[in-house]
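Here's the structure we're looking at; comments come further down.
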Amino acid sequence: AQADSFRFPYPRNSFDLVFAAALFNQLLPDAATNYFAQTARVLKPGGRAMFSFFLLDNLRPRRPRPFGFNKPIFDFAHTLPEWGDGFAVGMAEHPTAMTAYRLNLIRQMAEQAGLEIEQSPLPGLWSGQFANWVCAEDVLVLRKYA
């Protein structure tokens, strides 16, 4: 099944927690929007989702990044016209190789699905901007409206 139309094989209100690490870094916004909607469908009211992203908000061009994150693919230098500055890719010729989102676009997708961002994003190592980080990517905690 295509990611933009995939239906999670679980009934409505099944889970307290949905966790997705290193998934959204290879999804275009249409697919991500569907995954947000599917997550909201399978979460119980008040349930939470933990999703990791490369947040464009944390990218500082031309500043050093740790480990392999200094590669050009993590510059996210290519935008797609239909998403403005809310979404960017690392390789124009292969958009799903590595993707990054701006927090405002994530917030819009979440609200459309019936989710809200519960707290400030937890920073990831990738950007090199934070002394304390939780994993390679930035992490968001979302909550389904009760």
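Part of a helix (DSSP H, G or I) and open to solvent by 60 Å² or more (accessible area, probe 1.4 Å) - does that describe any residue in the stretch 4-24?
Kept after step one, since they are part of a helix (DSSP H, G or I), are these residues of the stretch 4-24: 24.
Among the residues that remain, those that are also open to solvent by 60 Å² or more (accessible area, probe 1.4 Å) are: none.
Among the residues of the stretch 4-24, not one is part of a helix (DSSP H, G or I) and open to solvent by 60 Å² or more (accessible area, probe 1.4 Å), which makes the answer no.
Just one of the listed residues (THR33, THR39) is buried (at least 18 other Cβ atoms within 10 Å of the Cβ), polar (S, T, N, Q), under 25 Å from TRP83 (Cα atoms) and in contact with a Leu (Cβ under 8 Å, 6 or more places away or on another chain), and it is THR39.
Checked against (1) surrounded by fewer than 17 Cβ atoms within 10 Å (Cβ to Cβ); (2) in a loop (DSSP other than H, G, I, E, B), TRP126 passes all but a single condition, namely (1). The C-beta contact set for the stretch 76-90 (first residue touching a residue at least 12 places away in the same chain (Cβ under 8 Å) and more than 13 Å from LEU28 (Cα to Cα), second residue part of a strand (DSSP E or B) and open to solvent by 80 Å² or more (accessible area, probe 1.4 Å), distance under 9 angstrom, 6+ apart or interchain) comprises ASP85/THR79.
Quick check on this structure: which one of LEU17, LEU28 is at pLDDT 95 or above, within 19 Å of LEU142 (Cβ to Cβ), of a type outside the set (Val, Ile, Thr) and out of contact with any Pro (no Cβ under 6 Å at 6 or more places or on another chain)? Give the derivation first.
Working: LEU28 fails: within 19 Å of LEU142 (Cβ to Cβ).
Of the residues listed, the single one that is at pLDDT 95 or above, within 19 Å of LEU142 (Cβ to Cβ), of a type outside the set (Val, Ile, Thr) and out of contact with any Pro (no Cβ under 6 Å at 6 or more places or on another chain) is LEU17.
The values are calculated or read from the model by the stated rules, or taken from the named source; none is laboratory data. Here the structure is a predicted model, which is why all the values come from computation and not from measurement. Note that we place each Cβ from the backbone using ideal geometry, even for glycine, and neighbour counts take in every protein chain shown. Calculation scope for accessible area: heavy atoms of the full protein, side chains included, ligands and nucleic acids excluded. Shrake-Rupley method; radii C 1.70, N 1.55, O 1.52, S 1.80 Å.
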